[in-house]
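The values are calculated or read from the model by the stated rules, or taken from the named source; none is laboratory data. This structure is a prediction, so every number in the text was calculated from the model and none was measured. Note: ideal-geometry Cβ built from the backbone for every residue, glycine included; neighbour counts use all protein chains shown.
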Amino acid sequence: MTKSLKLAIGIAVVALSLGSSLPLANASSIPSGSMMNQVYVGDHLHTMTVMGNRFFMTGHQSAGMSSNGGKTWTAISSLNGADVMSWTTASKMILAGGHNGLFRSTDNGETFKKTKFYGSTSDVHAIGASGKFVYMGSPQVGFLMSTDGGTTWKMRNSKVGQSFMGSMLVDPKNPTRIIAPDMSAGLAMSSDSGLTWSSLGGPGGPMAVAWNSKNIKEIVAIGMMSGGISMDAGKTWKEIPLPSGAAAIDFAPDGKKIYLGVLVGTKAQLYTSVNQGKSWQPSAAATTAKKVAAMDPNMPGMNHVELASPDRPLALTLGTFGFGTSSVFIGALLLRRKDRRNLANKKALLASRSAGK
């Protein structure tokens, strides 16, 4: 992995892992029940998931739900400002995790309530479930596990989970098997409920992963620079073209379609593929799809090496920066450090010359 790619992925992880300390403008202005052709999500699109006949789309500032295949969307006011980054269903509840905590819905996604779940932990980046087995990745504490549908939680592995992002996949026939998008190390897989992990390959810097519920060997994923599909449970991967702004992905319940969440400005739209991601059709008024760069085999997660060191401290306080803003910010710090170093060298050289005289 090149130094520039490591820096880019590091910046993205920092930007997505920090709590939302800046005001969420306009989030409170979206009333519940507002109908939209697109989902207003703000400057980031985090998730898109399909649960039965309902679609959920969320971003930095708000969330929307559609019951008609993405033609129209209803605002979910109880998730305004929740910054939801992952979804799952457990014990007849819908769970949504984000920078501002864990939220539950018992009315099929109409309303959500924030719930306390593990001490003072308040940041949830990844969540997944099968039956009463629920798993969570938090940048604050690591990897958590619940065996009662998310009512109580215990620490499973404090050394991993800090850079997990998005909805995790939990095998319905074997709930100890998990696939998680790890932005710093590629897709990760565990076969023992999160105690140990190995690399699964796929696009680098993954932000979303999904599998076909009718054939879980068929997996799709979106990374920071590309998308990929595997037909053999992650042993091999093939690059798929993505519309510009694609950030979230999921299969239809019948496995015949793949859905894509695409950010257009500050709004998100739904795209559909009926040919395993080879081409995409946008919903009404969406922008024209554009191909992204092909996957680089040297990107993180594209091979089958073991995961890098799981110790990834994220005790930073940059607030909520977008990827571009974080790049500029960190770039400015590096340049400032370089300027100071050059100035110090010049002063030392002048001092040396003066001493020589």
Practice task
Answer yes or no: is there a residue in segment 184-202 that is of a type in the set (Phe, Trp, Tyr), assigned to a loop (DSSP other than H, G, I, E, B) and out of contact with any Lys or Arg (no Cβ under 9 Å at 6 or more places or on another chain).
Solution key: yes
Practice task
Name every residue in segment 144-158 that is farther than 18 Å from Ala96 by Cβ and outside any strand (DSSP E or B), in order of residue number.
Solution key: Thr147, Asp148, Thr152, Ser158
Exercise for the section: Would you check which residues across segment 247-286 are touching a Phe, Trp or Tyr at 6+ places or on another chain (Cβ under 8 Å), surrounded by fewer than 21 Cβ atoms within 10 Å (Cβ to Cβ), of a type in the set (Val, Ile, Thr) and more than 14 Å from Gly59 (Cα to Cα) and list them? Expected result: Thr272
Problem - Subset tally (residues that are surrounded by fewer than 19 Cβ atoms within 10 Å (Cβ to Cβ) and under 23 Å from Leu200 (Cβ atoms)) for segment 126-144 - result: 1
Fill in the blank from the handout: Within segment 105-131, residues being part of a strand (DSSP E or B) and closer than 21 Å to Asp250 by Cα number 6
Exercise for the section: Evaluate the following for Asp107: is it farther than 12 Å from Gln162 by Cα, of a type in the set (Asp, Glu) and in contact (Cβ under 8 Å) with a residue 12 or more places away in the chain? Expected result: no
Exercise for the section: Taking the residues in segment 152-166 that are among the basic types (Lys, Arg) and without any contact (Cβ under 8 Å) to a residue 40 or more places away in the chain as candidates, determine which candidate is surrounded by the fewest Cβ atoms within 10 Å (Cβ to Cβ). Expected result: Lys154
Practice task
Assess whether Lys217 counts as being in a loop (DSSP other than H, G, I, E, B), touching an Asp or Glu at 6+ places or on another chain (Cβ under 7 Å) and of a type outside the set (Val, Ile, Thr).
Solution key: no
Fill in the blank from the handout: Only one of Ala268, Ala188, Ala210, Ala180 is closer than 14 Å to Met48 by Cα and modelled with pLDDT of 95 or more, namely Ala210
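Here's the yes/no breakdown for (1) part of a helix (DSSP H, G or I); (2) exposed (fewer than 15 other Cβ atoms within 10 Å of the Cβ); (3) at pLDDT below 90:
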| residue | (1), (2), (3) |
| --- | --- |
| Leu5 | yes, no, yes |
| Ser20 | no, no, yes |
| Asp43 | no, no, yes |
| Val50 | no, no, no |
| Phe55 | no, no, no |
| Met65 | no, no, no |
| Gly69 | no, no, yes |
| Met85 | no, no, no |
Exercise for the section: Say whether the condition of being within 21 Å of the chain's Cα centre (by Cα), of a type in the set (A, V, I, L, M, F, W, C) and under 16 Å from Phe56 (Cβ atoms) is met by at least one residue in segment 111-118. Expected result: yes
Handout entry: Top-ranked residue of segment 87-104 - restricted to ones that are in a loop (DSSP other than H, G, I, E, B) and polar (S, T, N, Q), ranked as surrounded by the most Cβ atoms within 10 Å (Cβ to Cβ)
Key = Asn100
Practice task
Output the number of residues of segment 171-200 satisfying the condition of being among the charged types (D, E, K, R) and crowded, with 24+ Cβ neighbours inside 10 Å.
Solution key: 1
Problem - Pairs, first over 18 Å from Val160 (Cα atoms) and in contact (Cβ under 8 Å) with a residue 40 or more places away in the chain in segment 120-134, second surrounded by fewer than 18 Cβ atoms within 10 Å (Cβ to Cβ) and of a type in the set (Asp, Glu), C-beta under 6 Å, six or more apart - result: Lys132/Asp148
